[in-house]
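Presented below is the structure to which this report refers.
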Amino acid sequence: MDALLRALAMVTDSQVLLTILASSMFGLSVGCIPGLTATMATALLVPFAMFLDPVSAIASIVAATAMAIFAGDIPGTLLRLPGTPASAAYVHHSYALAKSGRAGEVLGLNLVFSALGGLLGTVVLVAAAPTLADYALSLSSFEFFWLSMLGLSCAVFLVGDNVPKGAAALLFGLLLATVGRDYTTAFPRFTFDDPELLDGIPFVPALIGFFALPEIIRTLRDPGAPDGAPAVQASRIFRGMGRAILRWRWNFLRSGLVGTFVGALPGGGADTAAWAAYGISRRLSRDPQTWDRDGIEGIVDATSANNASLSGAWIPALVFAIPGDTITAIAIGVLYLKNVTPGPSIFLENAHVLYAVFITFFVANLLMIPLGWLAIRAAVPILRLPRQMLMAPLLLFACLGAFAVDNSLFGIGTMLACGLIGYWMEQNGYPVGPAVLGMVMGRLVEENLMTSLIKVQGDVTRFFERPVATALAVFTLLVWLWPLARRLRRAVPSA
Amino acid sequence: MGAYCVRPGWRGADAVRRAAAALPVGLVGLVVLLLSRNFPAIPGQLYGPALFPTALGTGLMLCAILVALQAPGPAHPRASLRGRASALACVLAPLLIMVAWDAAGWPLIAFGLGAALLVLAGLRPLPALVAALGLAALTWVIFAMLLRVPLPRGPLFFLPY
């Protein structure tokens with residue numbers, strides 16, 4: 001109790017509160033700029049965090065990342081440019097709804113369910129951290145492999161009815177992830193003697209290319225097309241929110257928990273959490289046709305999950321000093337530099353710091369509502385400009401975002417190449433989303449596959465030895481058989 | 001962009017659209033399979049760096065066959081000359097940025113490219129020049145001064161970081 005009161009006093013200190021406020025605004029700004037990720041916001045904060053006390057330093061990272069993940073939804077909804085990779089899963093639906101005049105509703109839902117997702121994730125973090133982290137650590141490469149396969153399979157079957165094109169897009173994304181040094185031998189694959197490719201294709205420029213460039217090209221190519229600039233009245237984004245919360249309460253709870261769980265898995269992150277929740281939402285939807293057409297259900301699920309995953313990632317980070325994602329990896333580094341050692345001993349030696357981190361999560365997620373509302377208001381004037389006029393600044397921002405990741409022109413080249421591929425894919429009916437998912441998860445899938453294969457020396461039956469692995473394999477197989485079952489179900493009544 | 005070149009109504013249009021959608025995927029799969037054959041095996045191990053790409057290449061070729069067997073998607077209407085020029089400018093802009101990066105510096109590139117793209121998008125020259133100037137200043141302040149991204153100044157060496 002003493003530690004809790006001490007933590008409360010620390011967080012309510014004016015310097016900490018000001019730090020949270022400033023970091024929140026910084027996170028919102030970074031998240032709004034396509035190409036700048038929450039990880040980049042964290043990395044940019046670290047030099048400033050060095051001058052702060054441990055609680056302020058961690059509070060700045062927690063607040064900035066939570067805001068950046070939400071803010072990524074704003075350009076995603078209004079311009080179809082996901083501000084961060086975590087918004088990529090549902091950007092297609094968000095933008096389509098915005099174009100049909102529902103931008104305010106979508107942004108309101110994004111804001112409220114992001115905050116609620118973050119709060120739910122924090123509750124889980126506080127209540128179940130040791131148990132969940134322990135469970136995640138007990139999973140072997142077999143379970144991780146099947147978990148990845150399940151996630152990827154869901155993605156292919158959620159993109160629509162065209163499974164071959166969805167699968168081709170996913171395989172292409174996985175292929176892009178193989179570029180660079182091989183996991184097992186460090187042999188350079190598909191690098192064509194270019195040293196820039198040894199570490200793989202830079203993800204953020206590729207993401208900007210896949211999502212932003214095709215949209216910019218299309219808009220400029222067809223200026224005579226009806227202007228689909230979505231309209232939003234920021235003052236009305238909360239209209240009907242009470243009903244929406246009641247309506248989607250189970251989706252929110254389910255996806256918040258899924259997001260927290262995925263976040264707690266090493267290698268999982270806000271983007272993977274969003275994709276997983278989005279896929280599960282589609283699978284479990286009572287009305288898949290409305291789900292496809294309307295899209296709100298998927299948005300609620302994914303936006304709840306990506307913010308919840310941020311809290312989830314802190315579970316193994318704080319309890320076992322194993323980062324759940326890159327953000328917590330940076331945060332662990334900051335804690336060490338501040339002479340706070342994460343791990344089981346933190347509960348005994350620095351319990352007040354731990355509680356302060358928990359309280360910071362609550363404060364940041366509560367602050368998200370007013371600050372997010374202000375951010376949406378600030379974005380509204382952009383909509384008043386003719387859409388094609390926005391494309392020049394967007395192209396320059398996209399180029400700068402692609403450059404800023406590694407301060408390399410190679411990023412701009414990657415963005416251009418991926419943009420042209422993305423444009424071709426969309427023109428020929430291939431969905432871009434699974435390709436990006438393949439890029440995100442490719443390394444994880446291959447690592448777990450190779451680790452498992454080396455363990456079993458070719459005996460593939462041992463992939464099904466462990467009960468959880470077997471269950472995940474069966475689920476994966478069921479997902480693969482789903483289109484067949486759907487056809488049979490359609491055929492039976494008509495026969 | 002092959003889908004754009006097909007004249008709707010032409011008898012071979014379906015076949016061309018199918019081929020345009022499937023062939024590149026199959027070719028990528030084939031190239032991956034050929035390149036993967038040169039990857040070394042790990043001594044004492046059954047599997048090496050070629051396993052995963054080989055599986056992906058095979059999968060891509062299978063997908064290409066399945067796509068080729070499907071009915072083609074709808075043909076896209078042909079864009080206007082101005083629209084095509086704008087789209088081409090959009091593709092050339094990143095290339096120009098890479099070529100002129102150090103010599104011209106970011107502010108001049110942003111100003112010139114921004115103005116050109118805005119004019120192509122339909123804005124009159126004077127407002128386009130003013131907007132491009134604002135854009136160059138804004139991007140400089142955000143990226144070079146606030147985020148500390150090392151953007152080149154080019155001839156405008158007096159600009160603050």
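Conditions (1) under 22 Å from B:GLY114 (Cα atoms); (2) at pLDDT below 85; (3) more than 13 Å from chain B (Cβ to nearest Cβ); (4) surrounded by fewer than 19 Cβ atoms within 10 Å (Cβ to Cβ), marked per residue:
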residue: A:PHE192; (1), (2), (3), (4): no, no, no, yes
residue: A:PRO195; (1), (2), (3), (4): no, no, yes, yes
residue: A:PRO202; (1), (2), (3), (4): no, no, yes, no
residue: A:PHE211; (1), (2), (3), (4): yes, yes, yes, no
residue: A:PRO214; (1), (2), (3), (4): yes, no, no, no
residue: A:GLY224; (1), (2), (3), (4): yes, yes, no, yes
residue: A:GLY228; (1), (2), (3), (4): no, yes, yes, yes
residue: A:VAL232; (1), (2), (3), (4): no, yes, yes, no
residue: A:SER235; (1), (2), (3), (4): no, yes, yes, yes
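Of all residues in segment A:54-91, those being modelled with pLDDT of 85 or more and part of a loop (DSSP other than H, G, I, E, B) number 1. For the residues B:PRO53, B:PRO49, B:PRO94, the requirement of being crowded, with 17+ Cβ neighbours inside 10 Å, touching a Phe, Trp or Tyr at 6+ places or on another chain (Cβ under 7 Å) and at the interface with chain A (Cβ under 9 Å from one of its Cβ atoms) singles out B:PRO49. Against the conditions (1) crowded, with 21+ Cβ neighbours inside 10 Å; (2) within 7 Å of another protein chain (Cβ to nearest Cβ); (3) in contact with a Phe, Trp or Tyr (Cβ under 7 Å, 6 or more places away or on another chain); (4) not basic (Lys, Arg), B:HIS76 satisfies every one except (1).
Being more than 26 Å from A:PHE26 (Cβ to Cβ), touching a residue at least 24 places away in the same chain (Cβ under 8 Å), of a type in the set (Gly, Ala, Ser) and surrounded by fewer than 17 Cβ atoms within 10 Å (Cβ to Cβ) is not true of B:ALA68. Residues that are at pLDDT below 75 and either aliphatic (A, V, I, L, M) or crowded, with 24+ Cβ neighbours inside 10 Å (or both) within segment A:343-353 comprise A:ILE346, A:LEU348, A:ALA351, listed in sequence order. Among the residues of segment A:459-490, those identified as of a type in the set (S, T, N, Q) and without any contact (Cβ under 8 Å) to a residue 60 or more places away in the chain are A:THR461, A:THR470. The residues of segment A:285-313 that are among the polar types (S, T, N, Q) and without any contact (Cβ under 8 Å) to a residue 60 or more places away in the chain, listed by number, are A:SER285, A:GLN289, A:THR290. If you go through segment A:480-495 and keep only what is part of a helix (DSSP H, G or I) and loosely packed, with under 13 Cβ neighbours inside 10 Å, you end up with A:LEU481, A:LEU484, A:ALA485, A:ARG487, A:LEU488, A:ARG489, A:ARG490, A:ALA491, A:VAL492, A:PRO493, A:SER494. Checked against (1) at positive phi; (2) within 7 Å of another protein chain (Cβ to nearest Cβ), B:GLY105 passes all but condition (2). In this structure, is B:LEU133 crowded, with 21+ Cβ neighbours inside 10 Å and either in contact (Cβ under 8 Å) with a residue 24 or more places away in the chain or over 24 Å from A:LEU28 (Cβ atoms) (or both)? Criteria not met by B:LEU133.
Exactly one residue out of B:GLY154, B:GLY122 is within 7 Å of chain A (Cβ to nearest Cβ), of a type in the set (Gly, Ala, Ser) and either surrounded by fewer than 22 Cβ atoms within 10 Å (Cβ to Cβ) or more than 29 Å from A:ALA41 (Cβ to Cβ) (or both): that is B:GLY122. Could you go through segment A:191-209 and let me know if any residue there is within 30 Å of B:ARG78 (Cβ to Cβ) and touching a Lys or Arg at 6+ places or on another chain (Cβ under 8 Å). No, segment A:191-209 has no match at all. Please tell me if A:LEU28 is part of a loop (DSSP other than H, G, I, E, B), out of contact with any Pro (no Cβ under 9 Å at 6 or more places or on another chain) and closer than 20 Å to A:PHE361 by Cα. No, not satisfied.
Helices (runs of 4 or more DSSP H) fully within segment A:379-479 that include at least 2 residues being on the phi < 0 side of the Ramachandran plot and away from chain B (no Cβ under 12 Å): A:433-456.
Any residue that is farther than 21 Å from A:VAL91 by Cβ, among the polar types (S, T, N, Q) and over 22 Å from the mean Cα position of the chain (by Cα) - is there at least one of those in segment A:407-423? Yes. Taking residues in segment B:114-130 that are within 15 Å of B:ARG82 (Cβ to Cβ), and partners anywhere that are at pLDDT below 90 and not aliphatic (A, V, I, L, M), the pairs with Cβ atoms closer than 6 Å and at least 6 places apart or on different chains are B:LEU120/B:SER86; B:ALA121/A:GLN388.
Report, by residue number, each residue of segment B:1-39 that is surrounded by 13 or more Cβ atoms within 10 Å (Cβ to Cβ), at pLDDT 90 or above and assigned to a loop (DSSP other than H, G, I, E, B). Matches in segment B:1-39: B:PHE39 only. Under the condition of being farther than 18 Å from A:THR42 by Cβ and facing chain A (nearest Cβ under 7 Å), the residues counted in segment B:135-150 number 3. Applying the set (1) facing another protein chain (nearest Cβ under 7 Å); (2) over 24 Å from A:THR219 (Cβ atoms) to B:VAL31 leaves exactly one unmet item: (1). Here A:LEU420, A:LEU437, A:LEU416 are screened, and the one residue that is among the aliphatic types (A, V, I, L, M), under 30 Å from B:LEU118 (Cα atoms) and crowded, with 23+ Cβ neighbours inside 10 Å is A:LEU416.
The values are calculated or read from the model by the stated rules, or taken from the named source; none is laboratory data. Everything numeric here is computed off the predicted structure, so don't read it as measured data. FYI the Cβ positions are ideal-geometry reconstructions off the backbone, even for glycines, and counts take in every protein chain you see.
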